[in-house]
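Have a look at the structure below, then the notes.
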Amino acid sequence: MPKKLKASEMNKCIGCFTCMNICSIVNKQNHSLSKSAIKVRTSGGMTGRFVAVVCIACKDPACMEACPSGALEKLPGGGVILKPEKCIGCRKCEKACIMQAVFFDEETNTPIICRHCGSCARFCPHQCLNMMEVSAE
Amino acid sequence: MIHEKYMRILYVDLNTGKIRISQREDLMPYLGGVGLASKLLEESMHPELDACHEDQPIIFAIGAGTWLFPVLTKTVAMFRSPLTNELGESYAGGRLAMTMLMAGYDAIVLVGKAPKPVYLQVSNNNVALKDARAMWGLNSEDTGRAIRERETGGGKRSIIRIGPAGENNVSFASVCVDSYRHFGRLGLGAVMGSKNLKAISVLGGRSMHITDTPKYFKVYQKIYKKCTSTDMMSKYHDAGTPINVEPLNASGGLPTLNMQSGRFDNVSDISGEAFAKKNLVRKLACTGCPVGCIHIGMYRREFDKGHEYEAISVSYDYELIFALGSFLGIKSSDEIIAIIDEVEETGMDAMSCGVCLGWATEAYSAGLINDEQTLVPLAFGDSHGYIEAIRYLAKGENRFYRDLGRGSQYVSSIYGGSEYAMHIAGNEMPGYHTGYGALVGAAVGARHSHLCNGGYSVDQSMKEFDEDVVVKKIFDEEFERCMTNSLIMCLFARKIYDRETILEALNSIGWDLKDDDLTEIGKRIYRTKLRIKKAYGFRQKAVKLPKRFFETPSMHGQLDEATTYRMIKKYSELTDALMAETDPLDQQLQNISAEQPVVVPGVKKAAGKGKNA
C-alpha cells in the first residue's frame, strides 16, 4: 500500500523547522524555507500553536482538475506529482487547493507540491510527521 | 556570506535612513559570528564617547554555518555596554540568525539616532525605517504583536524589540527576540533605546542554492544524528537547564538571598522537577535546532475576585530561577513565573535585575535606603513587592530607581553596601558560586559572563584544585569559544561540535580549514576583543570583587581573596603573551577599511580554484 505524509501529531511540534530545511535540501538542493513543500506556521507568533500546512493527498485532487496543461498527475493513494516540463506557471492549482498547501516558486515559475517522499518525517525529531499507509485507489 | 568568499554587511544610518552594502573579502579570516562582529566593532567604535552616544555602533552578526547545520542558531550582538562601559557582547537564538542569512546579510551595522521612534525592517529585497512613534512605551509583547500584524512573512520572519526599560535607559535593558529568546546581558536594549530604535523585523525569503548537496548533506545527517540519537543533548530537552537547581544547591553553589548563602531551604519548590510537574506546558526550539530546550511554564493568575483568571506563560531557565528565585528568596515556581513575566514585559536582563534587587533588599533592611526611595517595602520572599519594584525600575520612577537601573556596582557606590553588590567587573553575577573557576573566569572573561570560558564547569569537574590548571583551562576555553561563537553554535551543542566535526562541516560548504587554522582564528578574535577592551579602558588587574564572594562558602569552600587576585594576575600574563604573539594578518587587517579593500591571505578556498589569495 502507498504511504502518505500525515501531520498527525503536531501537538508535539517544537517549531525547529527541520522538516522545511530537509524538504528544501532534498527536493530543491536549496536552503530556503520558501522552497519547502511543507510549511510549519504559528498563529499569533511564537506563543501560538504550530500547524503544518502540507498536501493532504486528496483522492480527487482539485489542483489537478484546475491544471489546464496536464502538468499534475495523480499518484496512487492520493496527491499529485508535478511534470515541470508541462507546467505553464498559471498558478491555478495554487488557487484551487482549499488547504492552501500548494506553494509557488517564483524563481522557477512552478508550483511546489509535496510528493510524499517522507524525508521530512524521517528527520522530524519528535515524530509529529508520519508516513501512513493508505489504500491505493 | 556562506558559499561566497566575502562577508556581506548592511550598514544603516538611523539618523539619515541611508543604507550601504559592502562585500568584504578582508573579513574572511574572522570566520563569521563574533569574529566578524568584533572586527566590525573595532572599526566603528568610539572609545571617547559614552555607550549611549548616537555615534556608537550596534553590530549584529550571524555565523559561518548558520542554519546549514543543526544547532548553529545564534546571532551575536556587539556594542559598548552601558552597564560595564566596556565590551558589550550578547547572544540570542530564535529565528533571527536564519532570517538574516536568508535576507542576505552576514552582519548589520547600525549607527546614528533616528529623529523619532522607528523600527527597522530588513528583507531580501528591502531595507526601510518605519514609524514606531505609537509603539514607544509599549511592552515587548505588544510591540511584537503590532509589528507581526503589520508585516508579512510569518515563519520566515524574526522580530526583535525593546520594552520600556530600553526606552528609559536602564543599563541592563534587554532585547526580546521572537517572544522567548533574548539578547539579555549587558544592556543592548538601552543602546537600541538611545537610538530611538524600538524594534527590528528581519524577513528572509531568498533562494540559496547548495553547491555540493551530497557532500554537505552527508555531514548534516551525521551531526543531526548526534543531536537526536545520542544522550549528548537530552538533558536540555527533558527538564532543561533548571535540572541544575538541586545539584548546585546540594553542593552549596546556588546563590541564595543576595548570596548570603549557597543553599536555599525551599529549593525543592523551585527545582527543575517542580517546574516540570507544576508549570511546564510546552517546549520549543530555535529555528534549526532539533533539540528544543525552550521550556514554557504557565501559571493561573487570579486577577480579580469572582473566579477571574488568566494564564501567564513565560520561558524559564536555570539562570532565571536563580536570579529571580533563590537569590530573592522566592519560594514557589508560580511566583517566579509572575516575576519573570514582569521582567519580560518591561524588557530587562533577568540576571542583572534579580541581582540588583538582591542588593536593594539587603541595603533596605540595613537602612541604607528607605521607603521614600524604594516606594515599596523590599523583603526576601515577597514577590508582590518585587513586581512593583520592577515596574518602578523599568520606568525610572525616581532618582533611586534610576540609580538602581545603572547596575549594582554604580548604585552601591552611591548608597553603600558595595561589599554585597554582587557584580563581577560591573556585570551582575551569574548563578554559580562554584569556586575559583567561576569567579576568576567571569572576572577576566571578555564580557564577564559565565559563558566566556565556562569557569563554573571547570570547578564542577575538578577534583583537586590547582590554580595554574584552572587559569590555563579558562584561558584556552576563552579563545576556543571565540572560534565556536563564530559558527555561531549554541553552547549547549559544544559536545556535538568537536573540532573534527567543525572542520567537516565548514569544509563541506566551501571552506578549506585545518585544525591549526581554528586555533589561529580563535586567538585572532580574542586579540581583537582584548584590543577593544583596552581601548574602552578595561584592565584585568584593576578588577575589584565584592567581599561577599570571599565570605560565603562556595561549592569548593571559602575562597581566598589573595588566591583569586593572584589567579587574575596569572591570567593577565597569559593574555599579555597572547597579545605579543604575531599574527601576520593583524597589522594588515587593522588598517583596512571598507573603502580600501586590501587583498589578504584568505582562509577560504574558492570553489574549485584552490587557495584564494
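The values are calculated or read from the model by the stated rules, or taken from the named source; none is laboratory data. All values reported here derive from a predicted model rather than from experimental measurement. Positions of Cβ are generated from backbone atoms using ideal geometry, with glycine treated the same way; all protein chains shown enter the neighbour counts.
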Is one or more of the residues making up segment B:153-160 within 11 Å of another protein chain (Cβ to nearest Cβ), at pLDDT 95 or above and out of contact with any Pro (no Cβ under 6 Å at 6 or more places or on another chain)? yes
The listed residue being at pLDDT 95 or above, more than 24 Å from the chain's Cα centre (by Cα) and not in a helix (DSSP H, G or I), out of B:Leu513, B:Leu487: B:Leu513
Please specify each residue of segment B:75-98 satisfying the condition of being over 12 Å from the mean Cα position of the chain (by Cα) and more than 24 Å from B:Glu48 (Cβ to Cβ). B:Gly94, B:Arg95, B:Leu96, B:Ala97, B:Met98
Quick test for you: out of B:Glu504, B:Glu478, B:Glu464, B:Glu500, pick the one residue that is acidic (Asp, Glu) and not in a helix (DSSP H, G or I). B:Glu464
For segment A:34-56, indicate whether the set of residues that are part of a strand (DSSP E or B), under 20 Å from B:Tyr224 (Cβ atoms) and under 14 Å from the mean Cα position of the chain (by Cα) is non-empty. yes
Can you name the number of the only condition in (1) hydroxyl-bearing (Ser, Thr, Tyr); (2) over 20 Å from the mean Cα position of the chain (by Cα); (3) surrounded by 22 or more Cβ atoms within 10 Å (Cβ to Cβ) that B:Tyr309 fails? (3)
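This table checks each residue for (1) in a strand (DSSP E or B); (2) within 14 Å of another protein chain (Cβ to nearest Cβ).
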residue	(1), (2)
B:Tyr236	no, yes
B:Glu246	no, no
B:Gly253	no, no
B:Phe264	no, no
B:Ala274	no, no
B:Pro290	no, yes
B:Arg300	yes, no
B:Phe303	yes, no
Considering segment B:295-315 alone, what residues qualify as being closer than 17 Å to B:Ala276 by Cβ and of a type in the set (Gly, Ala, Ser)? B:Gly297, B:Ser313, B:Ser315
Within segment B:397-418, is there a residue that is β-branched (Val, Ile, Thr) and either under 26 Å from B:Tyr316 (Cα atoms) or over 27 Å from the mean Cα position of the chain (by Cα) (or both)? yes
Do any strands (runs of 3 or more DSSP E) entirely within segment B:55-165 hold 2 or more residues that are in the same structural domain as B:Leu31 (by TED's automatic domain parsing), buried (at least 23 other Cβ atoms within 10 Å of the Cβ) and touching a helix residue (DSSP H, G or I) at 6+ places or on another chain (Cβ under 9 Å), and if so, which? B:58-61, B:75-80, B:87-92, B:107-111, B:118-123, B:157-161
Cβ-Cβ distance below 6 Å, separation of 6 or more or different chains: which pairs start in segment B:308-320 with a residue that is in contact (Cβ under 8 Å) with a residue 40 or more places away in the chain and more than 12 Å from chain A (Cβ to nearest Cβ) and end on one that is outside any strand (DSSP E or B) and not acidic (Asp, Glu)? B:Asp317/B:Thr241; B:Tyr318/B:Thr241; B:Tyr318/B:Pro242; B:Tyr318/B:Asn244; B:Glu319/B:Met351; B:Glu319/B:Gly431
Which of the following residues is within 14 Å of chain B (Cβ to nearest Cβ) and either surrounded by fewer than 16 Cβ atoms within 10 Å (Cβ to Cβ) or out of contact with any helix residue (DSSP H, G or I) (no Cβ under 8 Å at 6 or more places or on another chain) (or both): A:Cys16, A:Cys58? A:Cys16
Restricting attention to segment B:171-224, the residues that are part of a helix (DSSP H, G or I) and either touching an Asp or Glu at 6+ places or on another chain (Cβ under 9 Å) or touching a residue at least 24 places away in the same chain (Cβ under 8 Å) (or both) number exactly 18
Could you tell me which of the residues A:Glu94, A:Glu73 is in a helix (DSSP H, G or I) and acidic (Asp, Glu)? A:Glu94
For the subset of segment B:171-199 comprising residues that are more than 22 Å from B:Tyr316 (Cα to Cα) and of a type in the set (A, V, I, L, M, F, W, C), which member is nearest to the other protein chains (Cβ to nearest Cβ)? B:Ala199
So, B:Val343, is that one touching a Cys at 6+ places or on another chain (Cβ under 6 Å) and either away from every other protein chain (no Cβ under 14 Å) or not hydrophobic (A, V, I, L, M, F, W, C) (or both) or not? yes
How about segment B:276-288: which of its residues are within 14 Å of chain A (Cβ to nearest Cβ) and polar (S, T, N, Q)? B:Thr287
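The rows are residues; the columns are (1) surrounded by fewer than 22 Cβ atoms within 10 Å (Cβ to Cβ); (2) at the interface with chain B (Cβ under 9 Å from one of its Cβ atoms); (3) closer than 17 Å to B:Gly154 by Cα; (4) not aromatic (Phe, Trp, Tyr).
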{"position": "A:Asn11", "(1), (2), (3), (4)": "yes, no, no, yes"}
{"position": "A:Gln29", "(1), (2), (3), (4)": "yes, yes, no, yes"}
{"position": "A:Lys35", "(1), (2), (3), (4)": "no, yes, yes, yes"}
{"position": "A:Val40", "(1), (2), (3), (4)": "no, yes, yes, yes"}
{"position": "A:Ala66", "(1), (2), (3), (4)": "yes, no, no, yes"}
{"position": "A:Lys83", "(1), (2), (3), (4)": "yes, no, no, yes"}
{"position": "A:Cys87", "(1), (2), (3), (4)": "yes, no, no, yes"}
{"position": "A:Pro111", "(1), (2), (3), (4)": "no, no, no, yes"}
Condition first: in contact (Cβ under 8 Å) with a residue 40 or more places away in the chain and in contact with a Gly (Cβ under 7 Å, 6 or more places away or on another chain). Can you find one or more residues in segment B:412-422 that meet it? yes
Can you confirm whether segment A:50-69 contains a residue that is among the basic types (Lys, Arg) and at pLDDT 95 or above? yes
